[in-house]
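The structure appears right after this line, and notes come after that.
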Amino acid sequence: MRKLILFTIAGMLSFGAQAQDLVLSNYTVNHNGNTAMGTIDAYVTIENHSPTDSLFVLAERTVNNLATNHINLFCYGINCYPPSTSLSPDVIGLGPGDSDNTFKSQLLTGQSVGVSEVKYCFYDQGSTSDSVCVRFVYDITVVGVEDIAKDATFSNASPNPANRFTAFTYDLKGNTQNFEIQVYNMLGSVVKTVQVPQQRGALIINTAELENGVYFCSLVSEGKTYLTQKLLVTR
């Protein structure tokens with residue numbers, strides 16, 4: 001009986017150690033971008049920490065959320081798979097102590113605002129219960145800070161979060177064309193447009209009719225976005 005108990009405990013310890021053989025590294029969870037970016041890539045390195053065993057690793061995707069017009073696909077080894085593929089047809093072999101950095105999760109933004117989230121799990125082909133997972137969150141806004149024109153200024157919203165109203169200060173720096181503030185929801189739809197009446201000053205926007213959520217307020221003229229600020233409406 002004592003030998004049986006010792007054998008059982010040893011087996012449990014061996015299983016626990018095996019569960020730690022597959023490790024993920026060199027990855028970033030949050031990826032921010034803007035609608036001018038066609039694709040955003042996320043990477044992860046897969047490591048075999050076993051000193052003795054080889055692993056044959058599959059990759060499997062779970063889509064937690066895809067914003068409108070967003071498409072996700074992944075590459076593994078030498079192949080990239082269509083968006084409809086969630087389980088890798090290919091298996092990556094990792095010897096003891098080996099690693100692989102060929103995995104890539106790619107988001108096609110469709111030039112659309114929104115937040116998309118996907119999860120990838122990696123497991124040994126011979127033991128599907130022994131898996132490690134990583135989550136990638138893609139946050140796509142209307143325009144990135146690096147794309148802002150330098151000839152106009154547009155402040156952060158205040159108050160933010162807003163309840164019934166919020167306000168912006170601005171300075172058009174001598175631009176004579178007509179400006180407006182466009183308010184977008186998370187789906188990229190314009191839900192409110194307010195004309196800018198003069199070269200500089202403060203502009204109050206009524207948010208009472210907006211639903212709770214995240215919005216993007218852009219200073220726009222003749223189809224050109226000069227600056228975008230994020231606004232949270234909550235009551």
Residues that are hydroxyl-bearing (S, T, Y) and modelled with pLDDT of 95 or more: does region 55-69 have at least one? yes
Pick from region 192-235, criterion among the small types (G, A, S) and touching a residue at least 12 places away in the same chain (Cβ under 8 Å), ranking: farthest from R164 (Cα to Cα): S221
Taking into account only those residues within region 184-205 that are assigned to a strand (DSSP E or B) and either of a type outside the set (A, V, I, L, M, F, W, C) or touching a Gly at 6+ places or on another chain (Cβ under 7 Å) (or both), which is surrounded by the most Cβ atoms within 10 Å (Cβ to Cβ)? Y184
Qualifying residues in region 65-119 (those that are in contact (Cβ under 8 Å) with a residue 24 or more places away in the chain and of a type in the set (D, E, K, R)) - the one nearest to L24 (Cα to Cα): D100
Is it the case, given these coordinates, that G223 is of a type outside the set (D, E), modelled with pLDDT of 90 or more and in the same structural domain as F154 (by TED's automatic domain parsing)? no
Could you grab me the full set of residues in region 103-136 that are assigned to a loop (DSSP other than H, G, I, E, B) and either of a type in the set (A, V, I, L, M) or more than 15 Å from F56 (Cβ to Cβ) (or both)? T109, G110, Q111, S112, V113
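The values are calculated or read from the model by the stated rules, or taken from the named source; none is laboratory data. Values in this document were obtained by computation on a predicted structure and should not be read as measured data. Note that we place each Cβ from the backbone using ideal geometry, even for glycine, and neighbour counts take in every protein chain shown.
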